[in-house]
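These notes are about the structure you will find just below.
The values are calculated or read from the model by the stated rules, or taken from the named source; none is laboratory data. Predicted model only: the values in this text are computed from it and were never measured. Methodologically, a virtual Cβ is constructed for each residue, glycine included, from the backbone with ideal geometry; neighbour enumeration extends over all protein chains shown. Each accessible area value is taken on the protein alone, full model and side chains, heavy atoms only, with ligands, DNA and RNA left out. Shrake-Rupley method; radii C 1.70, N 1.55, O 1.52, S 1.80 Å.
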Amino acid sequence: MLLGFINPAPRFSLITSSTRSIKSFLPHKLVQFFKQCTRSHSHHPSLLVEEEHIISLLHKHPTRNRYIQIHSQLITSGFHRRRPLDETQLIIWNTLIRVYSQAPFPEEAINLYKLIFHEITPSSVSYDSFTFSFLFKACANVQNPIIGSQIHAHIVKFGFEIHVYVQTALVNMYLMCECLNEGIKVFDEMPVRNHVTWNVVITGLTRMGDINLARHIFDDMPGKTIVSWTGIIDGYVRLNRHTEALSLFRQMTLVEGIMPTEITVLTFLTSVWKTGSFDLLQSLHAYSVRTGFISSDIRVTNSFIDTYVKCGSIDYGFELFQEVPRKQKNLITWTTIISGLAMHGKAKEAVNHFQEMENEGLKPNRVTFLSVLNACSHGGLIEQGREFFEKMVNVYQIIPDIKHYGCMIDMFGRVGMLEEAEKMAMEIPTDIINVIIWRTLLGACSYHGNAEMSERAMKKIFELERDYSGDYVLLSNTFSGAGRFDDAETIRNIMDGRNVLKVPGLSLSFTN
DNA sequence: CCGGTAAGTG
């Protein structure tokens, strides 16, 4: 049976049960349409006009709620039972399927497909290539290749298997569901391909980490587009193969004369900073100003600010930050600069920018708080750090995660406020506590020579992770530093007894 | 009056 294992119950009863309140949201003309629709059981000429109106509404009001409202009205008015389907109705259903196929509930598209189409015999007007393209998108988004392969069977049955758009969507679906063999098989057997088909394969393979096959197909591809180049460059970036990403980028721009888009820039900036290519950063920046990427896409601007900071130039980053008009700065813009200032030791300025951001009416989230707490920690701004932490919890009702705690403990620990640090560590819920916390405290104890607390921290570390050798060494050193050579000796013996290898160069700093 | 592809901005 067709899609038999999908929950067969129409899921819209919840929505239609509050039909009255939904109606009040609907545009006047749409309400009119539904009145006519429910009154007439036959096809009234004016209905067609109104159906076209629905289509225009589907375009004008692209919010998800709007679609759900329209959907529930269609169901309550019996629209889905009208047979045979004509082209206008099909467009309406396809539009709904397209909208549902995107996040956050793509399975709704499949439910709708089942509800509307499953009783229709192939001889009547029913599906078209659009329907199946959207459905494959939905399967890709729910990561369900089982349903996908069932619908694959449907396109064979209903004669869409050699439609380029449908097949491309099918290949994409298989690759996005990590069904490599199925995806490649369909691709190999396609009688007609276009550039999108190739791009789907290249990006699908890079997403799966198969850069060699992706590169092979990329090299074979006729008429590479910017999407192809971006896809393959992204593949290398994901695998941290930045030199190769750089060389492909150069080849693309210098040899092929293909210019990057916003997406290429966003992807590629990672490689720019990992390779420290400051010249390239500056020319990309100039290019992005010239093309308008910087002024039109805040994500690009944010990424440039961040890249400048990570390449060591807080000055350029800050300059760019200031060039962004107030109204365009979003939470990430602010978080980026706060974190950048913190990284460059400008704690006071980071704190000031946090406050400025609040004055702008933006609501900080956990990342913003982490950045500002980090600034306080590095800058020794204990009281402000404490205030921020409390504000986060009490005013913004953000539950601290392990990184926030770690930051606070680091902050207290650095200046020798070990009791405060330990107290905070003890308050961390057991389900999120990790060994890094106690190591941070242990590092602080070691630095400030508190042997008793070291013991307690060690005990916690023993509980959480018995074989981490660095802790033994630190504890041993701490005991030695405190004159407790016997204890230090004991620790060394424990280490020997456990065959613990001392791994040099492990940082105790808070990184994760 | 509907289609298929690229994304680490903190």
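Segment A:385-410 and segment A:360-384 have their alpha-carbon centroids 9 Å apart. A simple count of charges around A:Phe412, restricted to other residues whose Cβ falls under 10 Å of its Cβ and scoring Lys, Arg +1 and Asp, Glu -1, yields -1. Here's how it looks for A:Ile398: its modeled amide H is under 5 Å from those of A:Val393, which are all 5 or more places away or on a different chain.
Let me make sure I get this right: for segment A:113-271, a, b and c are the square roots of the gyration tensor eigenvalues over alpha carbons, sorted descending. Under 1.5 in a/c it's rounded, otherwise prolate if a/b > b/c, else oblate. Which is it? Here segment A:113-271 falls in the prolate category.
The accessible-area ordering, largest first, of the residues A:His216, A:His285 stands as A:His216, A:His285, per a 1.4 angstrom probe. A 1.4 Å probe, protein heavy atoms only, puts the accessible area of A:Glu323 near 120 Å². Express the carbon and sulfur contribution to the solvent-accessible surface of segment A:132-262 as a percent, rounded to the nearest whole number, probe 1.4 angstrom. After summing per-atom areas, the C and S share lands at 53 percent. Multiplying the residue separation of A:Glu427 and A:Val393 by 0.36 nm and subtracting their alpha-carbon distance yields 10.9 nm. Just list whichever of A:Lys348/A:Lys403; A:Lys224/A:Lys329; A:Lys423/A:Lys459; A:Lys274/A:Lys327 have alpha carbons separated by over 25 Å in the model shown. In this structure, A:Lys224/A:Lys329; A:Lys274/A:Lys327 lie more than 25 Å apart at Cα.
In terms of packing, defined here as the mean over residues of other Cβ atoms within 10 angstrom, the peptides A:202-209, A:220-227, A:236-243 line up highest first as A:202-209, A:236-243, A:220-227. The stretch between A:Val435 and A:Glu323 holds 36.1 nm of extra length on full extension. This uses 0.36 nm per residue minus the Cα-Cα distance.
Protein-only accessible surface at a 1.4 angstrom probe places the residues A:Thr275, A:Thr336 in the order A:Thr275, A:Thr336, largest first. A straight line joining the Cα centroids of segment A:274-302 and segment A:452-466 runs 47 Å. Counting only protein heavy atoms, what percent of the accessible surface of segment A:349-396 is carbon or sulfur at a 1.4 Å probe? The nonpolar share, carbon plus sulfur, comes to 46 percent.
With a Förster radius of 35 Å applied to the C-beta separation of A:Arg299 and A:Asp220, the computed FRET efficiency comes to 0.60. Between A:Arg241 and A:Phe278, the modelled labels are 2.9 nm apart [label points 7 Å from Cα along Cα→Cβ]. Shape verdict for segment A:311-445, please, from the Cα gyration tensor: rounded (a/c under 1.5), prolate (a/b greater than b/c) or oblate. Because a/c hits 1.5 or more and a/b exceeds b/c, segment A:311-445 counts as prolate. With the simple spin-label model, which puts each label point 7 Å out from Cα in the Cβ direction, the A:Val289 to A:Ala103 separation comes to 3.4 nm.
Note on exposure: A:Ser247, A:Ser133 ranked by accessible area (1.4 Å probe, complete protein assembly) read A:Ser247, A:Ser133, with the most exposed listed first.
Modelled label-to-label distance, A:Gln251 and A:Lys459, 7 Å Cα→beta-carbon offset: nm? Result for the modelled spin labels: 6.1 nm. Heavy atoms of the protein chains alone define the surface here; on that basis segment A:160-228 has 47 Å² accessible area per residue at 1.4 Å probe size.
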